[in-house]
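This report refers to the structure that appears directly beneath it.
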Amino acid sequence: MNGCFLVFEGPEGAGKSLQIGRLAERLSACGAPHTVTREPGGTAAAEAIRSVLLDRPELRLDGIAELLLFSASRRAHVEEVIRPALERGEVVLCDRFELSTRVYQGWARGVDAKTIERVTRAATGGLLPDLYLVLDVPVKVGLGRQWQDEDDPGQLAFFGPAPDRIELEKRSFRERVREGYRELAAEDERIVLVDGSGTPDEVEARILALLEERSPDRFAAANFPL
Ligand code: TYD
């Protein structure tokens, strides 16, 4: 496989989808074939599993049940979308992948790392990204980007669609998620923390500089001034 597999990660409100969209536009502008996709989702089966996981806050799912469902969705996604795109030599820009499972189900919900590793390996056949870009923002900033008034819970107004089951978690859960990303980044060179604070242009410039440094052949052409 000679494509390049880039995964954007980070807490809710970090700005992943905005940055993925911007990078995709740059790749289009320089004629680089690419696929944009997201987890959980990306295929009909994966989208159906997504709605069980996220759209039904009344369902009781513990960490293991979540691990199995996210992994089932990942299986379909890897086989039907990611691997074929990499085999065609494309850049795959994916919103979340197995690092989300290690952070949300492992670090934050307490499922043990060995179990996650075994299930994940079965789902992905060992496929890993070339790079994880984790948009790191303080919990307050992420919440502030999602909610109008976090200091007055009576007045909360969510931007966009209704909050999903995982977004309804308490603030302490979000703190654990951030800590998980930072700890895992410290021990794995494929996981890079990108400062996600500041304006979208500032974050984009950091991402482009990092990609150009890591893989100039593939990304230098995408790093042009707008
Ligand atoms: P999504 O609506 O895609 O939001 P976001 O813009 O934050 O990515 O929701 C995905 C949610 O699912 C998010 O709260 C993280 C969670 N998640 C896990 O808990 N484990 C996983 O393996 C994945 C892929 C996502």
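Using the Cα centre of region 4-219 as the reference point, and only Cβ charges (+1 on K/R, -1 on D/E), how large is the resulting charge dipole? Debye, rounded to the nearest 20. Don't skip to the answer; put the middle values down first.
Numbers: 30 positive and 39 negative charges, 107 e Å.
Roughly 520 debye, rounded to the nearest 20.
What trypsin sites (Lys or Arg not before Pro) does region 186-226 have in DSSP loop regions with at most 14 other beta carbons within 10 Å?
Numbers: sites: Arg190, Arg206, Arg214, Arg218; in loops: Arg190.
Filter output for region 186-226: Arg190.
Under the Kirkwood approximation for Rh and a Cα-based Rg, what ratio Rg/Rh is obtained for region 4-219? Spell out each step's value before the answer.
Numbers: Rg = 16.9 Å, Rh = 17.8 Å.
Rounded to two decimals, Rg/Rh equals 0.95.
Just to confirm a number: summing +1 for Lys and Arg and -1 for Asp and Glu over residues other than Gly196 whose beta-carbon lies under 12 angstrom from that of Gly196, what do you get?
On the way: positive: Lys16, Arg145, Arg178, Arg206; negative: Glu9, Glu12, Asp136, Asp195, Glu202, Glu204.
Local net charge: -2.
For the chain, what is the mean residue ellipticity at 222 nm derived from helices alone (per DSSP H run of n ≥ 4: -39500 (n - 2.57); sum divided by total residues; nearest 500 deg cm²/dmol)?
-13500 deg cm²/dmol
Name the residues whose placed amide hydrogens come within less than 5 Å of the amide hydrogen of Phe5, ignoring near sequence neighbours (fewer than 5 apart) on the same chain.
Sorted by chain and number, the residues that satisfy this are Val92, Asp130, Leu131.
Within 10 Å of each candidate Cβ there may be at most 13 other Cβ atoms; applying that plus a DSSP loop requirement, which GluC sites (Glu not before Pro) in region 1-69 survive?
Numbers: sites: Glu9, Glu12, Glu25, Glu47, Glu58, Glu66; in loops: Glu12, Glu58.
Answer by residue number: Glu58.
Determine, for Leu67, Leu133, the number of other Cβ atoms within 10 Å of each Cβ, and report the residues in order from fewest to most.
Numbers: Leu67 23, Leu133 26.
Final ranking by Cβ density, sparse to dense: Leu67, Leu133.
Could you work out the Kirkwood radius for region 1-100, taking every pair of different alpha carbons, averaging 1/r and inverting it, reported in Å? Each step should come with its number before you reach the end.
Numbers: mean 1/r = 0.0700 Å⁻¹.
About 14.3 Å, per the Kirkwood formula over Cα pairs.
In a GNM of the chain with a 10 Å cut-off on Cα contacts, which of Leu208, Leu68, Leu168 has the highest mean-square fluctuation?
Leu168
Which residue, Asp95, Asp130, Asp195, has the most motion in a Gaussian network model of the chain that connects Cα atoms within less than 10 Å?
Result: Asp130 has the largest fluctuation of those listed.
Restricting to DSSP loop positions (anything but H, G, I, E, B) with no more than 12 other Cβ atoms inside 10 Å of their own Cβ, which GluC sites (Glu not before Pro) remain in region 184-226?
On the way: sites: Glu187, Glu189, Glu202, Glu204, Glu212, Glu213; in loops: Glu187, Glu189.
Listed in order of number, the matching sites are Glu187, Glu189.
Within the chain, what percent of beta bridges assigned by DSSP are antiparallel, to the nearest 5?
On the way: 1 of 20 bridges.
Bridges in the chain are about 5 percent antiparallel.
Under a point spin-label approximation (7 Å from Cα along Cα-to-Cβ), what is the Arg121-Glu187 distance to one decimal in nm?
Distance between label points: 1.6 nm.
Give the aspartates and glutamates reachable from Lys170 as a straight Cα distance under 19 Å; neighbours fewer than 8 places away on the same chain don't count.
Glu12, Asp55, Glu58, Asp62, Glu66, Asp136, Asp149, Glu150, Asp151, Asp152, Glu179
Where Lys and Arg each count +1 and Asp and Glu each count -1, what net charge lies around Arg56 among other residues with Cβ under 11 Å from its Cβ? Write down the numbers at each step before the final one.
Values: positive: Arg50, Arg60, Arg165; negative: Asp55, Glu58, Asp164.
Neighbourhood net charge equals 0.
By the scheme Lys and Arg +1, Asp and Glu -1, what is the net charge of all other residues having a beta-carbon under 14 Å from that of Ala220? It would help to have the intermediate numbers written out before the result.
Details: positive: Arg26, Arg214, Arg218; negative: Glu212, Glu213, Asp217.
Local charge sum for Ala220: 0.
Where a number appears in this text, it was derived from the coordinates with a stated rule and is not lab data. Only a predicted model underlies this, so the values are computations on that prediction, with no experimental measurement involved. Virtual Cβ from ideal backbone geometry, glycine too; neighbours counted across all protein chains shown.
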